[in-house]
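Contents: one structure, followed by commentary.
None of the figures in this text is laboratory data; all of them are computed from the coordinates on show. In this text, all values refer to a predicted model and were calculated from it rather than measured experimentally. Here the Cβ positions follow ideal geometry from the backbone for every residue, glycine too, while neighbour counts run over all protein chains shown.
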Amino acid sequence: MDNELAIGFRERLTKAFEASDFQSHRSLSHAAGWSESRINRIITGQFDNSKDGPGFFGLVKICQVLHVTTDYLAGVEKWSKSNPTTTLNAVNFLDSIAADHSPPTIKSLMHAYVRSGHRLEAFSSFMDYCDVYGLPTSEDRRVTVHSVGKKSLSALRMGENNHVILQDAYDQASPEFQEQIFSSHLRAYQAGITVEPDSIDQVMENRPVHVKIDYIRVAMRLKDASGQEYIVIFCELIPQ
């Protein structure tokens, strides 16, 4: 197998595995009907010099259980689910978000922030509506996604709560947009909490609807029980 193709294939397979519910390479291998070690052998590059790769029918099964297409693993598409929904136009997309997005209020979030001592555990009832990021680092000025709430504005834009897709979207966005998001996280890191209006006009690869969304961003610096700190983001949609 061509080395460049093999490396790209392994990287995309790894991303799809990390975004899935599978806990091990062994469990994914079993789901595809392969031997226990095959996924691990693919991801560690042991198939890179194979003339025919890991086998077509096994890859089809892998795509089915990981909910991606064969074109995605081959590098033809950046990301696509195996059963994608119909692309929405801008008006229907915003209507669908408004109908599904029944979040907590900004007031309730700020109340929890003040009363909790900035502890992440106090926000357990809100986390379905929030995205969690690593702390901003000045070295690379890169946003790092940890998790996506299943009812957060990001998840509703993507059609799923997948941190890998959101990370890809940030990494492929314009330098200006990346700096805009990084700077907002840095302000929250320095201040502890920020509430700012913003807008987004970035196309998601897995849900290619082009629509500008205006929202209010609440960004909070919170720590978990072990003392690990995160930037937690909640976005409230501004109706059109």
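Assorted remarks:
- Between Ser183 and Phe56, the C-beta separation translates, for a Förster distance of 45 Å, into a calculated FRET efficiency of about 0.45.
- Nitroxide proxy distance, nm - points 7 Å out along Cα→Cβ at Val76 and Gln64: 1.9
- Gyration tensor (alpha-carbon) shape descriptor, region 3-74, a/c threshold 1.5: rounded
- Other-chain or far-sequence residues with amide H under 5 Å of Ser147's (modelled H): Val132
- Computed extension gain for Ser199 through Lys150, at 0.36 nm per residue and net of the alpha carbon distance, reaches 15.6 nm.
- Estimated vicinal HN-Hα couplings, Hz - region 178-184 in sequence order (Karplus 6.51, -1.76, 1.60; Gly, Pro = x): 4, 5, 4, 6, 4, 4, 5
- Distance in nm between pseudo-label sites at Ile7 and Asp171 (7 Å out along the Cβ direction from Cα): 1.4
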